[in-house]
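> Sharing a structure here in structure tokens format.
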Amino acid sequence: MNLKKKLKSGEFVVLAEMETPRGVDISELVGNAQRLKGRVDAVVVPDMDCGAMRLSALAGAALMQQQGIESVIHVYGRDRNQMALQSDLLGAYVLGVRNLVVVSGEGISQCDHRKAKAVDDLDEMSILQMIRCLQQGLDLAGFELKGTPAFTTGCTLPACADEKAFEAAIEQVRRKIAAGAEYVVTAPIFNFEHSISCLKRAMSLGVPVIPTVLLLKSVGMARYIAVNEPGSMLSEALIARIRKAPDREEECLRIAAEIVAGLKGVAQGIKIQALGWEHRLPAVLDLAGI
Amino acid sequence: MITAERKPIQEIMNLVSPYKNLLLVGCNECVTVCSAGGRKEVALLSSALQVAFMKSGRIVHIQEMTLERQCDPEYIEQLVPHIDSVDAVLSLACGCGVQEIARRFKEKMVFPGVNTKFMGASERPGVWAERCQGCGDCLLGVTGGICPIARCSKRLQNGPCGGSSKGKCEIGPDVDCAWQLIWDRLKALGLQERYETLLPAKNWRNGRGGGPRKIVREDLM
């Protein structure tokens, strides 16, 4: 059963995020993906995530399709204008990509190419409307398409530091759903108790909600997230747990697995984000019993 | 100067239609020079709005004022005696002025009466043309005083492209090819060798790439 059908039927879906390389050596990407084949429903290929220039999501997703693995790609407007976005989505479709997540993307000043110029032609809402337009057989200029693509399109719910921000974010997601989003991917979850109530409120919007589980790699990484992303709700207790563990890497895997297992009865799926530790994803799934 | 064009009257009417008492504020700087939002335009728009509203059976009271500069807090203070007696403000200044009024009078809705267009110069009476995009890293010293960022349709730093023909740009016969202008000027100055020097990829971080910009001059603070 493909991702679209699973999402529709209410079945639990498992997504794994895979970074593309900064270069053309795809052996690691393909190797890691092959190890996950049959264990995840789809591989999510971000497009230059965290503002780092990498091989394109489109190429990464095409590689997944070649391996017989369903793919999901990130779409955003920082680097492409509406013509390039539409052109790439048509390209993605003919290469077998059927799933999209419309994301916001890092601001250009946060990227590793600090002199670059942002495009920012379309925002997330406009991209969702653009996708709807393509699926109706027209491009944004009103020209008829020769062959119409059909995607399953998701949107994101960012991490929120307080109730006011969460309310605004939920309202924004509501608008994204009205614009065509069919599922929601949340920001990484570190505080299970806090997240459950937020997840339940997000689920009341009537589309599948897929929380992200970020695989922490070190005390330093956990500390960085706790300090710089107050919306993460990453607690001191969690940092202490990693610090005190005899095998910190193993503990990080266990933490991710516990969150994954905990979410199984709550959300309609999970997306595991490994940020370079994609080779450890099978271990996380093993520990989570998936 | 910052150039602007007045919005269509119907659009302005739609913006201010919920309000009965308006303060219509012009600016004596750039928008006066480009005849979009100075004292004269304030008077004209005020009359036009009142007539148009009257035709639709509505009486709207409009107070008129024109400030020396709307982008300067010092002059915005002159609105204080008037602001309480109005429901909303309609500004004919550029976007900077509209935002300064909104910043000072948080409880009042402020509407723009013009569309701010570009930083430009007057070519001849009634014609203004774009000259600067505020890229934050001025190239005019190497391009003979002609800006390829503002005046080349493709913002080429190493032009021209194949679309330059008889000194005109491919996008239209009325658009000069900026790189033809640059070449002609460098040649006239005997500085053709400058054309041979390739300009590196531009650092857009000095422009909007780095986010909203600010100039801080501690010596003036």
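> Taking a label point 7 Å from the Cα of residue A:148 along the Cα→Cβ vector, which residues of segment A:65-105 have an amide N closer than 16 Å to it?
Counting backbone N atoms under 16 Å from the label point, the list is A:90.
> A further question on this structure: Pick out, from B:80, B:38, B:53, the residue whose Cα sits farthest towards the positive end of the charge dipole of segment B:38-80, with +1 on the Cβ of Lys and Arg and -1 on the Cβ of Asp and Glu.
B:53
> Using only protein heavy atoms and a 1.4 Å probe, report how much of residue A:80 is accessible, in Å² to the nearest 10.
The value for residue A:80 is about 50 Å².
> Another one. Accessible area of residue A:279, 1.4 Å probe, to the nearest 10 Å²?
About 100 Å², ignoring ligands and nucleic acids.
> While we're on this one: Please report the carbon-and-sulfur percent of the accessible area for segment B:2-118; probe 1.4 Å, protein heavy atoms only, DNA, RNA and ligands left out.
Numbers: 3110 of 5780 Å².
C and S fraction of accessible area: 54 percent.
> Right, another one. On a C-alpha basis, how far is the centre of segment A:1-68 from the centre of segment B:98-169 in Å? Whole number, if you could?
Taking the Cα centre of each part, segment A:1-68 and segment B:98-169 sit 43 Å apart.
> In debye, nearest 20, what is the charge dipole magnitude of segment B:64-149 about its Cα centre with +1 on Lys and Arg Cβ and -1 on Asp and Glu Cβ, if you could check?
Numbers: 8 positive and 12 negative charges, 59 e Å.
That gives a dipole near 280 debye.
> Moving on. Just to be sure I understand the model, the point goes 7 Å from the Cα along the line to the Cβ. What's the resulting residue A:266 to residue B:188 distance in nm?
Distance between label points: 7.1 nm.
> Please get the size of the charge dipole for segment A:211-273, origin at its Cα centre, with Cβ charges of +1 on Lys and Arg and -1 on Asp and Glu, quoted in debye to the nearest 20.
Working: 9 positive and 7 negative charges, 3 e Å.
That gives segment A:211-273 a dipole magnitude of about 20 debye.
> Also, quick follow-up: With +1 on each Lys and Arg Cβ and -1 on each Asp and Glu Cβ, how big is the dipole of segment B:76-221 about its Cα centre, in debye rounded to the nearest 20? Don't jump to the answer; show the numbers that get you there.
Values: 21 positive and 16 negative charges, 77 e Å.
In debye, rounded to 20, segment B:76-221 gives about 380.
> When ligands, DNA and RNA are left out and all protein chains stay put, how many square angstrom of accessible area per residue does segment B:2-118 have with a 1.4 Å probe? Please list the in-between numbers first.
Working: 5780 Å² over 117 residues.
Per-residue value: 49 Å².
> Hey, another quick one. Which whole-number value in Å² is the accessible area per residue of segment A:3-288, probe 1.4 Å? Walk me through the intermediate numbers first.
Numbers: 12680 Å² over 286 residues.
With all protein chains present, segment A:3-288 gives 44 Å² per residue.
> If the cut-off is a Cα-Cα distance under 19 Å, which lysines reach residue B:55, setting aside same-chain residues fewer than 8 apart in sequence?
Those lysines meeting the cut-off are B:20.
> Determine the share of segment A:3-288's accessible area contributed by carbon and sulfur atoms, expressed in whole percent, with a 1.4 angstrom probe. Let's see the in-between values first.
On the way: 6600 of 12680 Å².
Answer for segment A:3-288: carbon and sulfur cover 52 percent of the accessible area.
> Next up: If R0 is 41 Å, what FRET efficiency do you get for residue A:66 and residue B:137 from their C-beta distance, rounded to 0.05?
Details: r = 44 Å, r/R0 = 1.06.
E between residue A:66 and residue B:137, to the nearest 0.05, is 0.40.
> I would also like to ask the following. How big is the shadow of the Cα convex hull of segment B:125-184, averaged over all directions, in nm²? Kindly include the intermediate steps, with their values, before the conclusion.
Numbers: hull surface 18.3 nm².
Taking a quarter of the hull surface, the average projection is 4.6 nm².
> Something else now. What distance in nm separates the two pseudo spin-label positions at residue A:236 and residue A:163, each 7 Å out from Cα along the beta-carbon direction?
According to this spin-label approximation, the distance is 2.4 nm.
> For Cα pairs less than 8 Å apart in space and 6+ apart in sequence, what is the mean separation divided by the residue count of chain B, i.e. the relative contact order in percent?
Numbers: 347 pairs, mean separation 38.4, N = 221.
Contact order relative to length: 17 percent.
> Note every residue of segment B:191-221 with a reduction of at least 40 square angstrom in accessible area, all protein chains present versus the isolated chain, computed with a 1.4 Å probe, or write none.
Residues shielded by partner chains are B:204, B:205, B:209.
> A follow-up question, please. Using 0.36 nm per residue of separation minus the Cα-Cα distance, give me the extension gain between residue B:115 and residue B:10 in nm, one decimal. Mind showing how you got there, number by number?
Numbers: separation 105, 0.36 × 105 = 37.80 nm, distance 1.39 nm.
Contour length minus the Cα-Cα distance gives 36.4 nm.
> Still on this model: Beyond a 25 Å Cα-Cα separation, which of these cross-linked pairs lie in this structure: A:5/A:200; A:164/A:217; A:6/A:164; A:200/B:106; A:37/A:200? Present the calculation step by step, with values, prior to reporting the outcome.
Details: A:5/A:200 22 Å; A:164/A:217 31 Å; A:6/A:164 33 Å; A:200/B:106 36 Å; A:37/A:200 30 Å.
In this structure, A:164/A:217; A:6/A:164; A:200/B:106; A:37/A:200 exceed 25 Å between Cα atoms.
> Taking 0.36 nm per residue of separation and subtracting the Cα-Cα distance, what length does fully extending residue B:166 through residue B:83 add? The partial results should precede the final answer.
Details: separation 83, 0.36 × 83 = 29.88 nm, distance 5.54 nm.
In short, 24.3 nm is gained.
> Give the relative contact order (percent, whole number) for chain A; include only Cα pairs under 8 Å separated by 6+ residues.
Working: 516 pairs, mean separation 51.4, N = 290.
Rounded, it is 18 percent for chain A.
> Which helices pass in chain A if a helix is a full DSSP H run, must span at least 15 angstrom along its long axis by Cα, and must have mean Kyte-Doolittle hydropathy not below -0.5? The partial results should precede the final answer.
Numbers: long enough: A:82-94 (18 Å, 0.62); A:124-135 (17 Å, 0.59); A:163-178 (22 Å, -0.48); A:192-203 (16 Å, 0.05); A:248-263 (23 Å, 0.33).
Those that clear 15 Å and a mean of -0.5 are A:82-94, A:124-135, A:163-178, A:192-203, A:248-263.
> To the nearest 10 square angstrom, how much accessible area does residue B:54 have with a 1.4 angstrom probe?
Approximately 120 Å² for this residue.
> What are the radius of gyration and Dmax of segment A:3-288, computed over its Cα atoms and given in Å?
Radius of gyration, then largest Cα-Cα span, for segment A:3-288: 18.4, 62 Å.
> If you don't mind, there's one more thing I want to ask. Which order do you get for B:87, A:162, A:41 if you rank them by accessible area with a 1.4 Å probe, largest at the top?
On the way: B:87 60, A:162 80, A:41 35 Å².
Reading off the accessible areas and sorting them downward yields A:162, B:87, A:41.
> For chain B, modelled as a Gaussian network with Cα springs under 10 Å, which listed residue fluctuates most, B:105, B:53, B:118?
Largest GNM mean-square fluctuation: B:53.
> Rank A:224, A:183 by accessible area, highest first, at a 1.4 Å probe radius?
Working: A:224 140, A:183 0 Å².
Result of the area sort, largest leading: A:224, A:183.
> Return the single residue from A:45, A:103, A:30 with maximal mean-square fluctuation; model: Gaussian network over chain A, springs between Cα atoms under 10 Å.
Looking only at A:45, A:103, A:30, the biggest GNM fluctuation is shown by A:30.
> Something else now. Using Cα pairs closer than 8 Å and at least 6 residues apart in sequence, work out the relative contact order for segment B:133-202, in percent. Show your work: numbers first, answer last.
Values: 67 pairs, mean separation 20.7, N = 70.
In percent, rounded to a whole number, it is 30.
> Comparing the chain by itself with all protein chains present, which residues of segment A:90-111 are at least 40 Å² less accessible (probe 1.4 Å)?
When all protein chains are present, A:109 each give up 40 Å² or more of accessible surface.
> Follow-up question, since we're still on this one. For segment B:133-202, report the accessible area per residue in Å² (1.4 Å probe, heavy atoms, rounded to an integer).
59 Å²
> Additional query: Roughly how much accessible area, to the nearest 100 Å², goes out of reach of solvent when A and B pair up, both sides summed, probe 1.4 Å?
It comes to approximately 600 Å² buried between A and B.
> Running a GNM on chain B with Cα contacts under 10 Å, which residue among B:175, B:86, B:114 ends up with the highest mean-square fluctuation?
The residue with the greatest mean-square fluctuation here is B:175.
> Could you compute how fast segment A:137-243 diffuses translationally, taking Rh as the Kirkwood radius over C-alpha pairs and applying Stokes-Einstein at 10 °C with viscosity 1.306 mPa s? Give it in µm² per second. Spell out each step's value before the answer.
Numbers: Rh = 15.7 Å.
Answer, rounded: 101 µm²/s.
The values are calculated or read from the model by the stated rules, or taken from the named source; none is laboratory data. Everything numeric here is computed off the predicted structure, so don't read it as measured data. Here the Cβ is made from the backbone with ideal geometry for all residues, glycine too, and neighbour counts use every protein chain on show. Surface areas here come from the heavy atoms of the whole protein model, side chains and all, with no ligands, DNA or RNA. Shrake-Rupley method; radii C 1.70, N 1.55, O 1.52, S 1.80 Å.
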